[in-house]
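Notes for the one structure printed next.
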Amino acid sequence: MKLVPSSIQPTSRHYFVHSYAKINLTLDVLGKRADGYHELATIMQTVDLFDTLHFSITDDEEVHLSCTKRELNTPTNLVVRAAEALRQHLGIRQGLCIELQKQVPMAAGLGGGSSNAAVTLLALTDWWQLPLTSTDLLPIAASLGSDVPFFLFAGLAYCTGRGEHVKPLAPYIPSNMLWLLLLKPAISVSTPAVFKALPASDYTDDTHSRAIKTALLNKKPLPVEDLHNGLERNVLLLYPEVEQARAALLNAGAPLVRLSGSGPTLFAPFSDLASAAEVHAKLHGQYEVYLTHPIFPSSLGRKFI
Ligand code: C5P
């Protein structure tokens, strides 16, 4: 039985927090489940591309959201749902205002909305000094989306089930993955539509994800053939814009290109900044590109005022 705080005790008047994006180093789709979800094995890594959230207390009992992307200003936004779920879990009525500065592309395979939701749970728990651990937050996170539990831990993790079973891995950045070029084609892709269109012939076992996990744990170079995303073949087939973007990255000199999640964002790893910057310069202006790197957020980039 949780101790329900009689009144909220914020540690500061304002609370700022970064909400990082992720890429999927692997994504094995094992098969379709009776509940409609797909059984997965996936390795996720947070990258230094982030949204910023600002929390402040209000005098009413509502959760208000103000977002730099107008289409996200809805009561169904995962940030609002996360705050409501936490308040309901502990019987808290304190109102709050959340400002969300969006930089991570939306519906892009980068987990932006899921990250915002997880960070909202963590930030409110910390800021309001609530008696909950990350493990306590897991069921709420999983109820909000399959990727949300990963972002409670961030960094590098091996995830199974529909994605919600998270096994954090020791921080390690392979030498050929020091820099990451992300390219977001100018289309939006619906995750449910991508999973629905996936033929059973693209199902695999968890071999690829386990091979990459073993290499990461042993701090070895990653076997390139195991950097496999089971959704990629079909996404490239169904969305010519993604195939064109992939060709553009390869033509510009990227040694390797993979889809992140259900896309449409592609990522290309590099061992040195100069090579990554050269490809970035060739594609910048023509495509939405981000030159970034893996990150292991120790404190989620929290800032207090
Ligand atoms: O869990 P989340 O709400 O993010 O999933 C969005 C949709 O993506 C699901 O409703 C389902 O159609 C699909 N999905 C899936 N298998 C997963 C994760 C998501 O089929 N493991």
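Coordinate-derived values only; no laboratory data. All of these numbers come straight from a predicted model, not from anything done at the bench. Glycine also receives a Cβ, built like all others from the backbone with ideal geometry; neighbour counts cover every protein chain displayed.
How much FRET efficiency would the formula 1/(1 + (r/R0)^6) give for E288 and N73, where r is the Cβ-Cβ distance and R0 is 25 Å, rounded to 0.05?
0.70
If one puts a single equal scatterer on every Cα of region 1-150 and applies the Debye formula without solvent, what log₁₀ I(q)/I(0) results at q = 0.10 Å⁻¹?
Listed by q, the Debye log ratios stand at -0.36.
How much length is gained if the chain between L217 and Y203 is pulled fully straight, taking 0.36 nm per residue apart and subtracting their Cα-Cα distance, in nm to one decimal?
Roughly 2.5 nm would be gained on extension.
Given region 156-282, what whole percent of its Cα pairs are spread farther than 25 Å?
Tail of P(r) above 25 Å: 29 percent of Cα pairs.
Could you work out how far apart the two model spin labels at M106 and Q88 are, taking each label as a point 7 Å from the Cα in the direction of the beta carbon, and quote it in nm?
2.3 nm
Under 25 °C and 0.890 mPa s, how fast does the chain diffuse according to Stokes-Einstein, given a Kirkwood radius computed over C-alpha pairs? Answer in µm²/s, whole number.
123 µm²/s
Compute the acute angle (0 to 90°) between the alpha-carbon long axis of helix 273-283 and the principal axis of greatest extent of the alpha-carbon atoms of the chain; round to the nearest 10°.
Rounded to the nearest ten degrees, it is 90.
Put a dot 7 Å past each Cα toward the Cβ at E61 and A274; how far apart are the dots in nm?
Taking the simple label geometry, A274 and E61 are separated by 6.4 nm.
Nearest 10 degrees is fine. How inclined is helix 78-90 to the longest principal axis of the chain, computing both from alpha carbons?
Between the helix axis and the principal axis of the chain, the angle is about 40 degrees.
Describe numerically, in nm with one decimal, the distance between label points set 7 Å from Cα along Cα→Cβ at S134 and at N176.
2.9 nm
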